[in-house]
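First comes the structure, then the notes that go with it.
The values are calculated or read from the model by the stated rules, or taken from the named source; none is laboratory data. Note that the structure is a prediction, hence the values are computed from the model and not measured. Neighbour counts run over all protein chains shown; Cβ positions are idealised from the backbone, glycine included.
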Amino acid sequence: MEGLVSSGINTIRVFGVTKHQSRFLPSSTLHLRSDRVCGIGIGVEEKKKKPCFVMAASVGGSKVGHFENTLPSKEVLELWRKGDAVCFDVDSTVCLDEGIDELAEFCGAGKAVAEWTARAMGGSVPFEEALAARLSLFNPSWSQLQNFLKQKPPRLSPGIEELVQKLKANGIAVYLVSGGFRQMIIPVASILGIPENHIFANNLLFKSSGEFLGFDTREPTSRSGGKAVAVQQIKKTRGFKTLTMVGDGATDMEARQPGGADLFICYAGVQLRESVAVKADWLVFNFEDLINLLG
């Protein structure tokens, strides 16, 4: 859930593509290798060894590493299929953009805020510290927020609408759990047909004059570890037995703990973060894979 490389955290912006296109970088800078054909149309070799995914691409002078979790294990696939709830991160997962970065850009502080976002989502800075610091850089007013919402409608990731529809058709509850802002997530939920009481997110506060006050610190997602708390609350209060968390950042991965998410799927269709991707139960680069293997 961020847009820049910072504090030694390597990221690659990845876009939705057709079946035979690279999801990452031009072929001149990239080599993909897998022992199975997984819808990737370049550099594919047949191997008999353990399923793995190797991506060699220069990013900021370093190389993105070796992933062995792009194909789900039998256990992971079973959890995905039998789950009764899925929680999605919003920024750089459900949506192509980082909401706070886009709002900051709209208010004239895009670069500085994006740098803080990268540090926060890579896990190098406590989330609440980064959130307060970012907002203090531009202090959005109520009128600025309203103008932003009118001029910058949500840009959804390819395939997310179809995935949410299929999950709901299969009787699986869908939630949005975000460190972003409720005011900006409600339009997203509306498009996807997700009720507002299924949104767990931060809330911007304003004076009656419209001047920016801050954010509601009572929201669990306003601090580090907050997504884990939100997911635990969802699972406990709604009585779900098997819950999946889907996201791209360190705060999403935190939800994968006892009493929280039973499965963490790292979605790298917008941003690939090595430190998160290597620890995920399942690493995916498009929502079509999740749709096809849902059953």
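Quick notes
- Only one entry in 79, 103 is more than 26 Å from residue 291 (Cβ to Cβ) and in a helix (DSSP H, G or I), namely 103.
- When residues in region 200-214 are screened for being within 21 Å of the chain's Cα centre (by Cα) and either surrounded by 18 or more Cβ atoms within 10 Å (Cβ to Cβ) or not assigned by TED's automatic domain parsing to the domain that holds residue 165 (or both), 4 of them pass.
- Some residue of region 110-121 being of a type in the set (Ser, Thr, Tyr), outside the structural domain of residue 165 (by TED's automatic domain parsing) and out of contact with any Asp or Glu (no Cβ under 6 Å at 6 or more places or on another chain): no
- Selection from region 271-295 of residues that are of a type in the set (Lys, Arg), within 14 Å of the chain's Cα centre (by Cα) and modelled with pLDDT of 95 or more: none
- The listed residues are 227, 235, and the only one of them that is closer than 16 Å to residue 80 by Cα and basic (Lys, Arg) turns out to be 235.
- Restricting region 129-144 to residues that are touching a helix residue (DSSP H, G or I) at 6+ places or on another chain (Cβ under 6 Å) and assigned to a helix (DSSP H, G or I) leaves a set whose member that is surrounded by the fewest Cβ atoms within 10 Å (Cβ to Cβ) is 133.
- From the options 141, 136, 92, 124, residue that is in the same structural domain as residue 220 (by TED's automatic domain parsing) and of a type in the set (S, T, N, Q): 92
- Test: residue in region 253-260 that is of a type in the set (S, T, N, Q) and in contact with a Pro (Cβ under 9 Å, 6 or more places away or on another chain): no
- Cβ pairs under 8 Å, 6+ apart, first in region 71-92 and among the β-branched types (Val, Ile, Thr), second at pLDDT 95 or above and in a helix (DSSP H, G or I): 86/167; 90/185; 90/188
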